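Since the structure comes first, as structure tokens, the remarks are kept for the end.
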Amino acid sequence: MGKLIKKITDECLKCGTCVNKCEYLSKYCTDSPLDLISKINSGELKDNIPAVFTCNLCSLCEEVCPVKLNIGDLSLELRQEYVNGHGGVSKIHKSLLDDVQNIYISPEVKTAINGCQPNNENLKGSEIVFFPGCSLSLNSPHLVKQSYSFLRNQFPGIGIITGCCGAPAHLIGDQSISTIIYTDITQSVRDIGAKTIVAACSSCVKLLKSKLPEDNHVVSLYQILGEFTFQKRPKATHVFNIHDACSSRGDDLAQAAIRKIVTDLGYTLEEIQHSKNNTQCCGRGGMAAVVDDKYSATVAKRTLNEVNHDLIVYCATCRANFSDQGAHVIHILELLFNENWEDELTKPPLPFKESVKNLSSLKKYFEKILS
């Protein structure tokens, strides 16, 4: 962490741009990130859970910084230091880590299946695997099934890996658990002979790209979908705003694909002020809501204040948080695959106890159709 502190101390221009743009920095800094550095050096932030764990790790600070300093990197190192120094995650994060270990990556929900039958090893798509991730699987299992069905029609040999990418453990600073998850995914990809991982979650794309071996190509589901042309809907007069997932920052191909899909369908898009690589976090990035759900709601409302129409997202977590704030919001896959998508605009997220059942149900579904 010392090297990163020195880099920020040496290079920060004290312009205040990031502080003005970021809810987290504006809370803990007066003029510049150097205020945060001062609090770290003085020990003021030691064991201060909100100060260490509410940064959304969304990289907007880096995007707007004239010299491209990322304060989120410092926040992540602070979290890792906390976990290492305390022999594990904080009490407030314990239940989340338990869910990751006992639910999201348990044998009851994990599966890795090659889409090819033994006598069809050269079937188109045999080196591709679909990784829906836990967030979409928890909230919208029907969209996981429909996405896989579409992909399988185009790539009949495509496989499936269910479970978690390790982001929750990674974002709360537990490197040991997240490394176990990455290693397991890497082995699963090798076992089924895949080279390309198509991920439905922008966080999964970002994390797996950074953690998996270089011979594994990770690509967004939306980039793949954008390569196809979809039929214009009859009487498609609806106007939408769009919120880009903060984890898609820098993924210009995925961002462009989302817009192509919407316009292919015949709908109109109006950009909000903070979009594409300048997007703001929905509020739940970095697992911030685990520590402070009011803070998460405040961050969400910054984006919703810019919204004038029904909102399209392509992250299940974004959809859940904006819905919790009363927004009319829909996942892009709902718009694409569900003719009755308007019914989903005001539907609240599933209760957690109900949503976890979807993970084991999806495992059974894929094992049945691919057996």
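The values are calculated or read from the model by the stated rules, or taken from the named source; none is laboratory data. Everything numeric in this text was worked out from a predicted model, so none of it was measured. Note: ideal-geometry Cβ built from the backbone for every residue, glycine included; neighbour counts use all protein chains shown.
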query: Out of region 291-310, which residues are touching a residue at least 40 places away in the same chain (Cβ under 8 Å) and either buried (at least 23 other Cβ atoms within 10 Å of the Cβ) or under 15 Å from Ser203 (Cβ atoms) (or both)?
result: Val299, Thr303
- prompt: Could you list, in sequence order, the residues of region 9-26 that are touching a residue at least 12 places away in the same chain (Cβ under 8 Å) and not in a loop (DSSP other than H, G, I, E, B)?
  reply: Thr9, Glu11, Thr17, Cys18, Val19, Lys21, Glu23, Tyr24, Leu25
statement: Selection from region 211-225 of residues over 14 Å from the mean Cα position of the chain (by Cα), part of a helix (DSSP H, G or I) and either of a type in the set (A, V, I, L, M, F, W, C) or more than 24 Å from Arg259 (Cβ to Cβ) (or both) yields Lys211, Ile224, Leu225
statement: Exactly one of Ser106, Ser126 is over 23 Å from Tyr182 (Cβ atoms), assigned by TED's automatic domain parsing to the domain that holds Lys357 and polar (S, T, N, Q), and that residue is Ser126
message: Tell me the residue from Asn70, Asn84 that is at pLDDT 95 or above and buried (at least 19 other Cβ atoms within 10 Å of the Cβ), please.
response: Asn70
Residues that are assigned to a helix (DSSP H, G or I) and small (Gly, Ala, Ser), drawn from region 262-309: Gly285, Gly286, Ala288, Ala289, Ser296, Ala297, Ala300
- line: Within region 27-55, residues among the aliphatic types (A, V, I, L, M) and part of a helix (DSSP H, G or I) come out as Leu34, Leu36, Ile37, Ile40, Ile49, Ala51, Val52
Residues of region 79-91 that turn out to be over 21 Å from the mean Cα position of the chain (by Cα) and either over 18 Å from Asn48 (Cβ atoms) or not in a loop (DSSP other than H, G, I, E, B) (or both), as a count: 8
field: Single unsatisfied condition, Ala200 versus (1) farther than 27 Å from Gly326 by Cβ; (2) outside the structural domain of Asn338 (by TED's automatic domain parsing); (3) not hydroxyl-bearing (Ser, Thr, Tyr)
entry: (1)
Within region 98-150, tally of residues that are surrounded by 23 or more Cβ atoms within 10 Å (Cβ to Cβ), of a type in the set (Gly, Ala, Ser) and not in a helix (DSSP H, G or I): 3
